[in-house]
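Take a look at the structure below.
Here, each number is a calculation from the coordinates, and none is a lab measurement. Quick caveat: nothing in here was measured; it's all calculated off a predicted structure. Don't worry about glycine lacking a Cβ; one is built from the backbone with ideal geometry, like all the others, and counts go over all protein chains shown.
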Amino acid sequence: MLLFKKPFHEGLASGAITLTFRRWNKPHVRVGGRYRCHPIGVLEVDDVRRVAVEAITGADAKKAGFSSRDALLGYLAELGDLDEGTEVWRVALRHGGDGDRVELALEDDLTDEDVESIRAKLARMDAATPWTAETLAIIEERPRVAASRLAEALGRDTLAFKVDVRRLKKLGLTQSFEVGYEIAPRGKAYLERVRAAGGDRLVRGSRTARGKAVLPRSSGGTRERPARGIAKKSR
């Protein structure tokens, strides 16, 4: 977990804050690591290095969420004596999603039982009208694209689309960001396993102007079905 005081939360979530300086004895994070930051979600670490205070610039201070270099140094000095030669840890980071069910989403070492459990749950979700495959496909193909645009591309109502994505997120298959979604590590592992087994049921079909999805048949032809979230017109 990476701790930040409340005044930094907005900048971290928006991407305005991309640095933090810490007075650790040893690094508490690693490059490529993902860490909870309550309540804004997950932070991804891109770089960790030890630097002398004299190397910190005004631009660095702004990226760390401070108005000036002096403000940053004053903050660091609250934890003990500080001079230009003092070494601190410089951590480059970015917001990595809302962190909903993040532990599950990061579990990508799937057993055969895990794969079958996910497959069964997706099948139940598809019982009335299949939608999980095309939703995973468009998120995979268009990461961090606004939900409204993804829903429009599928000919769906935005609210209904978001509700369905939340269902996938509860399985640890997707993660939400300030804008759009990504396939979570668990979701990627599941898709890789399904594809490796020759059972790729991900749909990469497109919506017609009439709001119907064109999906591949196993025979090589196509079929159409009404889009989820689109009401049928009364005759």
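Over segment 6-95, what is the relative contact order in whole percent, taking alpha-carbon pairs under 8 Å and six or more residues apart?
44 percent
So for the pair Arg36, Arg149, with labels modelled 7 Å out along Cα→Cβ, what separation do we get in nm?
It is 3.2 nm.
Could you calculate the FRET efficiency of Lys170 with Arg23 from 1/(1 + (r/R0)^6), where r is the beta carbon distance between them and R0 is 45 Å, rounded to 0.05?
Computed FRET efficiency for Lys170 and Arg23 comes out at 0.70.
I want to make sure I understand the PRE zone here: with the label point 7 angstrom from the Cα of Ala59 toward its beta carbon, which residues in segment 68-93 have backbone N atoms less than 17 Å away?
Label zone hits: 68-70, 91-93.
Using only the Cα atoms of segment 94-189, build the gyration tensor, take square roots of its eigenvalues as a ≥ b ≥ c, and label the shape rounded, prolate or oblate: rounded if a/c is under 1.5, else prolate if a/b is larger than b/c, else oblate.
Oblate is the answer for segment 94-189, as a/c is 1.5 or above yet b/c matches or exceeds a/b.
Which entries of Lys63/Lys162; Lys5/Lys170; Lys5/Lys26; Lys62/Lys188; Lys6/Lys63 have Cα-Cα distances beyond 26 Å here?
Lys63/Lys162; Lys5/Lys170; Lys62/Lys188
Once the Cβ-Cβ distance between Ala197 and Val163 is put in as r, and R0 is 25 Å, what FRET efficiency do you end up with, to the nearest 0.05?
About 0.25, to the nearest 0.05.
Please pull out the direction-averaged projected area of segment 6-95, using the convex hull of its alpha-carbon atoms, in nm² to one decimal place.
Mean projected area of the Cα convex hull: 5.4 nm².
Rank by packing, highest mean first: peptides 66-76, 108-118, with packing defined as the count of other Cβ atoms within 10 Å averaged across residues.
66-76, 108-118
Amide H neighbours of Leu19 under 5 Å, counting only residues 5+ apart in sequence or on other chains, H built in-plane at 1.01 Å?
Those lying under 5 Å, H to H, from Leu19 are Ala64, Leu93.
Compute, for segment 1-144, the length of the dipole vector about the Cα centre, with Cβ point charges of +1 (Lys, Arg) and -1 (Asp, Glu) only. Units Debye, rounded to 20.
About 520 debye.
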